[in-house]
1. Nearest 100 Å² is fine: what is the total accessible surface buried where chains B and A meet, probe 1.4 Å?
2. Towards the positive end of the charge dipole of the stretch B:34-168, with charges on Cβ (+1 Lys, Arg; -1 Asp, Glu), say which of B:Ala64, B:Leu105, B:Tyr140 has the farthest Cα.
3. Normalise the Debye intensity by I(0) for the protein assembly as shown, one equal point scatterer per Cα, no solvent, then take log10 at q = 0.10, 0.12, 0.15, 0.16 Å⁻¹ and round to two decimals.
4. In deg cm²/dmol and to the nearest 500, what is the mean residue ellipticity at 222 nm of chain B if only DSSP H runs of at least 4 residues count, each as -39500 (n - 2.57), divided by the residue total?
5. Sort B:95-101, A:34-40, B:152-158 for me by packing, meaning the mean count of neighbouring Cβ atoms within 10 Å per residue, highest on top.
6. For the protein assembly as shown, with all protein chains present and a 1.4 Å probe, just round the carbon and sulfur fraction of the accessible area to a whole percent.
7. Apply 1/(1 + (r/R0)^6) to the Cβ-Cβ distance of B:Glu248 and B:Val155, taking R0 = 22 Å, and write down the FRET efficiency to the nearest 0.05.
8. Hey, what angle do you get for helix B:153-180 against the long axis of chain B, alpha-carbon based, 0 to 90 degrees rounded to 10?
Amino acid sequence: MHWEFVIPGYIVAVVVLGTYVLATVKRGRRLSKQLPEGKRRFLDA
Amino acid sequence: MTTIDTAGSTKDATATTGSKGTRMLGAVVAVGFVALAALALFITPPEATQRDAFRLIYIHVPSAIVSLYIAFSITLVGSIMYLWKKSVFWDLMAEASAEIGVIFLGLTLITGMLWGRPTWGTYWIWDPRLTSTAVSFVLYSGYLAVRRLDMDPTVRSKRAAILGIVSFANLIIVRYSVQWWDSLHQGQTFDVADTQMDGIMLFTFVFGVIVMNLFFGWLLIHRFRVAWLEHQIADVGLTEAIEARRREGVS
C-alpha cells in the first residue's frame, strides 16, 4: 500500500545522490590535471 | 605524491580526489546503502497506521539530519572561522558543506512531499515546518549563488560567510516550528528517552542515520578537495598573470 510514493522516493534519492557523486568525482579529476602534484591536496600544499 | 604499482609503472595518487582512505569509506557506504534499501523496503514491517508510506522515514529523516544539523552547522563554523581567522581552509569547508547540505535538503523536501501525499492528502501545504524548511533551501541556494559571483574573492568570501551565519538562524525556526506553532508535520520522531519505535524499525532508522552521515563524510572530503583545487588553480592563474606583467615591464 502506497508503494507508488515509496518507490519514486528511493529512486529520486539514488538518482540525485548518484549524479552528484559522479559530477563531483569527474570535476575533481578534471581540475587535478590542471595542477602540479604538490598543489593538489590541502595537506601536501 | 607518486606511488609505484605492482606492475612497476608509476601512478599519480593525487590525480583524483580519492585516496585509499576515501575508497575504503566509499565501499563501506555503498554496502551500507544496499543494506539500508533491503532493510527499509523488504525487511521492516509496514507501520500500523501509515502502512508502507512510513518506509520513506528511513531516507527522509537521515537526509534532514545531515543537511540541517550537520552540513549547515559546519557551514556556520566555517563562516565564523573565516571571518575571525581569515582561514582559507574554513572558507572552502563552509562552501563544500553548504553545497552538500543543499543537495540533502532538496532530497528531504522531495521525500517529504512524497510522504505527505498519502498521509496528509497533499504534496505541499504552507505549514510552519515545511515553509521554514523551504526558506532554508532558498537561503542556502542563495549562499551558493553568492559564492559564484564574479567579484574580488576576499569580498565574496566575506559576504558568503555573513550569509552562512545569518542563514543558520532560520534553522532554529525549522527545529522548533512544530513546537511553536500548530503544525501538520509531526513532532520529533526520535527521542533518546522515548523513541516511540522498537525492534527492526528502530535499528533500520538508526542504521540509515549512520550510513547517511558516513556518506556525508565521504562527500565532504571529495567536495573540499574540489574546492581546494579550484582555489589553487585561481592562485596559479594569478601568479602567472603577475609574472607576465613583470616580464612586460622588463621588456
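1. Buried surface at the B/A interface: approximately 3800 Å².
2. Of B:Ala64, B:Leu105, B:Tyr140, it is B:Tyr140.
3. The computed values of log10 I(q)/I(0) come out as -0.63, -0.85, -1.20, -1.31.
4. Counting only the DSSP helices, I get -24500 deg cm²/dmol.
5. Ranked by mean Cβ neighbours within 10 Å, highest first: B:95-101, A:34-40, B:152-158.
6. On the protein assembly as shown, the fraction of accessible area on carbon and sulfur atoms equals 66 percent.
7. 0.20
8. The answer is roughly 10 degrees.
The values are calculated or read from the model by the stated rules, or taken from the named source; none is laboratory data. In this text, all values refer to a predicted model and were calculated from it rather than measured experimentally. Counting neighbours? That spans all protein chains shown, and the Cβs are built from the backbone with ideal geometry, glycine included. Note: accessible area is taken over every heavy atom of the protein model, side chains too, but ligands, DNA and RNA are not part of it. Shrake-Rupley method; radii C 1.70, N 1.55, O 1.52, S 1.80 Å.
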